[in-house]
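Worksheet: one structure, shown below.
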Amino acid sequence: EAQVTQNPRYLITVTGKKLTVTCSQNMNHEYMSWYRQDPGLGLRQIYYSMNVEVTDKGDVPEGYKVSRKEKRNFPLILESPSPNQTSLYFCASRRGSGNYNEQFFGPGTRLTVL
Amino acid sequence: DQQVKQNSPSLSVQEGRISILNCDYTNSMFDYFLWYKKYPAEGPTFLISISSIKDKNEDGRFTVFLNKSAKHLSLHIVPSQPGDSAVYFCAAERAGGFKTIFGAGTRLFVKA
């Protein structure tokens, strides 16, 4: 089954404790992206990757890191989480650019930073 | 500065009637406009898209209309069904680009 998976689905942590949210897709998609969803703000793009070893900042990259060492994986790293990073996070993937291609989203990771 | 705006946080519609969800944008350089649907505890799923060179795209019960002069698009659902109750996100992209700009979403309630 074609899918995007994220782990963990729920996470409660404390300020400053480094964490990683994993994302994996099995569709051989070139493009992957991370979003956060907050009430009243919709989905905001954190980072995206056009292919292996190629990443770039989205609209809200501060406090986050990403890496793309393999095509299927795109982990989101919070080196020193803060309470304002409490949010619902989504990973997405799609085929490479050109004409529009729909994005496929993972089920989400709800993060709470105390 | 929000480039894509959905000004109605929620909408309630009777089953069988038409649902109209609205979206406004500010950047005339967008090439594609999209609607995604999201159920609780799930990720968004793609619903329908429209190219900026068209003014209408239809897929079954779902139709998207684009008015470029007004920088406005709308999603029509006819007839509305209880299973359509979800949050709907409007989004926009430039061709060949990698950034997707989403609106804040509109929660649709379809009453049986």
**Report entry** Estimated distance in nm for a label pair at B:ASN67 and A:LEU19, the labels positioned 7 Å out from Cα along Cα-to-Cβ
**Finding:** 4.4
Query raised in the report: Say the cut-off is 31 Å between C-alpha atoms; which of B:LYS37/B:LYS68; A:LYS17/B:LYS37; A:LYS18/A:LYS69; A:LYS65/B:LYS111; A:LYS65/B:LYS54; A:LYS17/A:LYS71 go over it?
Result: A:LYS17/B:LYS37; A:LYS65/B:LYS111; A:LYS65/B:LYS54
**Report entry** Apportionment of accessible area to carbon and sulfur, the protein assembly as shown, percent (1.4 Å)
**Finding:** 49
Query raised in the report: When the chain is fully extended, how far beyond the present Cα-Cα distance does A:ASN28 get from A:ARG110, taking 0.36 nm per residue of separation?
Result: 26.9 nm
Query - Computed over chain A: relative contact order in percent, which uses C-alpha pairs under 8 Å that are six or more apart - result: 36
**Report entry** Relative contact order (%) - segment A:36-100, alpha-carbon pairs under 8 angstrom, separation at least six
**Finding:** 27
Report task. Rounding to the nearest 20 debye, state how big the charge dipole of chain B is about its Cα centre with +1 on each Lys and Arg Cβ and -1 on each Asp and Glu Cβ. Result -> 120
Report task. Express in % the proportion of alpha carbon pairs of chain A at distances exceeding 20 Å. Result -> 35
Report task. Indicate the gyration tensor shape class of the protein assembly as shown (rounded, prolate or oblate), computed on the Cα atoms with a ≥ b ≥ c the square roots of the eigenvalues: a/c under 1.5 is rounded; otherwise a/b larger than b/c is prolate and the rest oblate. Result -> prolate
Query raised in the report: What length, rounded to one decimal in nm, is gained on full extension from A:GLU102 through to A:LEU88, with 0.36 nm per residue of separation minus their alpha-carbon distance?
Result: 3.0 nm
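The values are calculated or read from the model by the stated rules, or taken from the named source; none is laboratory data. Keep in mind that this is a model prediction, so the values were computed, not measured. Neighbour counts run over all protein chains shown; Cβ positions are idealised from the backbone, glycine included. Surface areas here come from the heavy atoms of the whole protein model, side chains and all, with no ligands, DNA or RNA. Shrake-Rupley method; radii C 1.70, N 1.55, O 1.52, S 1.80 Å.
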